[in-house]
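Chemist: Provided herewith is a single structure, encoded as structure tokens, for subsequent inquiry.
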Amino acid sequence: MNKKRVLSGIRANGRLHLGNYLGAVKGMLELQNNLEYETFSIPRGNDLLRQLKTNQYDLFYMVADLHSINVPYNPKGFQQAVREVVLDYLAAGLDPQKCTLFIQSHVPEHVELSYLFSTTVTVARMLHLPTYKEKVKQHPENVNMALLYYPVLMAADILAYKSNLVPVGDDQLPHLEVAREIARKMNDTYGLDFPEPEQFKTKGSRVPSLTGEGKMSKSVEGSYINLTDDIKTIKKKLAAVPTDSGQGEKVPETGGVAALLQLVELFQGFAKKEEYERQYVASGVQYRVLKEELTEAIYKELEPIQERRSELEKDKGKVDRIIEEGAKKAREVASQTLQEVKLAMGLIMIH
Ligand code: TYM
């Protein structure tokens, strides 16, 4: 069976929050745990067929450390920040037996490949990307080249593994489009065979901000709940979500109330959300009750992750081994792709 390749990554600019978890990690887990029956024939003249449960995906999940240093950051604490993401991955259920877990900069082929790709991309195209514009607004004093180059490196991350699927949230769609354009351009110009990668979309591909405006984001204070938050913190954060009188002709589609209802749907199901919507246009919603039940539902999902995390924190050697092994496996694939590209671009001799 020809396995489909999958790659995804998360930056190390802060603790993982519910947006990262629902939009990306849940998708990574779903693909990891997607087992199907596959038929093998047993060799040496024996025509017996054997059925095994295997995964139809070849999975590469990384910490995007190089994508984290294009904004002001603390080099001293950075190794720890990278490690925290690995711990979050493992605690959330990623299993190094089933996927390759690695750190982006441990596979230097990504950077080399990204330079080769950059020859096919115009500066104008990069200047118009929404994340670039956003970062320019956030850090006007630090508009560096790496920021502009960001989507090209991301395309290299994805295409180094000839990935078909990318579990990411909707905010990454413009970057995915760049990766698709680069794949097409490289194929057309140099006769390569890159697939055009697609988003693997989860139910929570756009988790709203707790402020009621925009999406949950590491860089917006008061917008997020972290995977490591305890029940008290979650309660406090939900208490701060702006609401209204709880009753009206039409259920709000934006703002704090809409954000709460979306979180209810994600953690308590569609039926529960509908129940609140019915209450809103009839007797009214009691936000105190809604927030209490939602706090519990969120914590119920996070508690086992937090328990696994504190176990993993004790075993430093284990995490080191996983990362080292991951880099080795990732490099095998990425170096092969890089060789193909260099050959096609006339950078190495054909024997
Ligand atoms: P980053 O670190 O900003 O976010 C990591 C993942 O979390 C998703 N996400 C969300 N999903 C739903 N709702 C939200 N509110 C929300 N906030 C964040 C993001 O969509 C992302 O999937 N450029 C990437 C990292 C990266 C990468 C890659 C991803 C580098 N190379 C290659 C995939 C493939 C980023 O900055 O993600």
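The values are calculated or read from the model by the stated rules, or taken from the named source; none is laboratory data. Just so we're clear, the structure is a prediction, and the values are computed from it rather than from any experiment. Neighbour counts run over all protein chains shown; Cβ positions are idealised from the backbone, glycine included.
Chemist: Filter region 193-214 for residues that are in a loop (DSSP other than H, G, I, E, B) and surrounded by fewer than 19 Cβ atoms within 10 Å (Cβ to Cβ) and give the result.
Modeler: ASP193, PRO195, GLU196, LYS201, LYS203, ARG206, SER209, GLY212, GLU213, GLY214
Chemist: Are there helices (runs of 4 or more DSSP H) fully within region 268-351 with at least 1 residues that are modelled with pLDDT of 95 or more and within 30 Å of HIS110 (Cβ to Cβ)? List them.
Modeler: Result: 287-313, 316-344.
Chemist: Evaluate the following for ILE348: is it touching a helix residue (DSSP H, G or I) at 6+ places or on another chain (Cβ under 6 Å) and loosely packed, with under 15 Cβ neighbours inside 10 Å?
Modeler: yes
Chemist: State the number of residues belonging to region 210-224 that are in contact with a strand residue (DSSP E or B) (Cβ under 7 Å, 6 or more places away or on another chain) and farther than 11 Å from LYS237 by Cα.
Modeler: Total satisfying the criteria: 3.
Chemist: For region 155-163, check the following and say yes or no: at least one residue is in a helix (DSSP H, G or I), out of contact with any Pro (no Cβ under 8 Å at 6 or more places or on another chain) and without any contact (Cβ under 8 Å) to a residue 60 or more places away in the chain.
Modeler: There is at least one residue in region 155-163 that is in a helix (DSSP H, G or I), out of contact with any Pro (no Cβ under 8 Å at 6 or more places or on another chain) and without any contact (Cβ under 8 Å) to a residue 60 or more places away in the chain.
Chemist: One residue is enough: does region 19-39 have a residue meeting the conditions surrounded by fewer than 19 Cβ atoms within 10 Å (Cβ to Cβ), modelled with pLDDT under 95, within 30 Å of GLU141 (Cβ to Cβ) and in contact with a Ser or Thr (Cβ under 9 Å, 6 or more places away or on another chain)?
Modeler: No, there is no match, as no residue in region 19-39 is surrounded by fewer than 19 Cβ atoms within 10 Å (Cβ to Cβ), modelled with pLDDT under 95, within 30 Å of GLU141 (Cβ to Cβ) and in contact with a Ser or Thr (Cβ under 9 Å, 6 or more places away or on another chain).
Chemist: Which of the following residues is more than 21 Å from LYS26 (Cα to Cα) and either crowded, with 18+ Cβ neighbours inside 10 Å or away from the ligand (no atom under 13 Å from the Cβ) (or both): PRO130, PRO140? Quick ask: steps written out before the conclusion?
Modeler: On the way: PRO130 fails: either crowded, with 18+ Cβ neighbours inside 10 Å or away from the ligand (no atom under 13 Å from the Cβ) (or both).
When all the criteria are applied, what remains is PRO140.
Chemist: Just one of the numbered conditions (1) closer than 25 Å to TYR132 by Cβ; (2) β-branched (Val, Ile, Thr); (3) crowded, with 19+ Cβ neighbours inside 10 Å is not true of VAL71; which one?
Modeler: VAL71 satisfies every listed condition except (3).
Chemist: Report, by residue number, each residue of region 225-253 that is of a type in the set (S, T, N, Q) and either within 15 Å of the ligand (Cβ to nearest atom) or under 15 Å from LEU18 (Cβ atoms) (or both).
Modeler: Residues satisfying the conditions are ASN226, THR228, THR233.
Chemist: Where residues in region 189-224 are within 11 Å of the ligand (Cβ to nearest atom) and hydrophobic (A, V, I, L, M, F, W, C), which of them is nearest to LEU22 (Cα to Cα)?
Modeler: Step by step, filter region 189-224, then rank; the result is VAL207.
Chemist: Considering each of VAL257, VAL241 in turn, give the residue that is buried (at least 16 other Cβ atoms within 10 Å of the Cβ) and in a loop (DSSP other than H, G, I, E, B).
Modeler: Among VAL257, VAL241, only VAL241 is buried (at least 16 other Cβ atoms within 10 Å of the Cβ) and in a loop (DSSP other than H, G, I, E, B).
Chemist: Can you pull out the residues in region 99-136 that are over 19 Å from the mean Cα position of the chain (by Cα), polar (S, T, N, Q) and in a helix (DSSP H, G or I)?
Modeler: Once the filter is applied, which keeps residues that are over 19 Å from the mean Cα position of the chain (by Cα), polar (S, T, N, Q) and in a helix (DSSP H, G or I), region 99-136 yields SER114, SER118.
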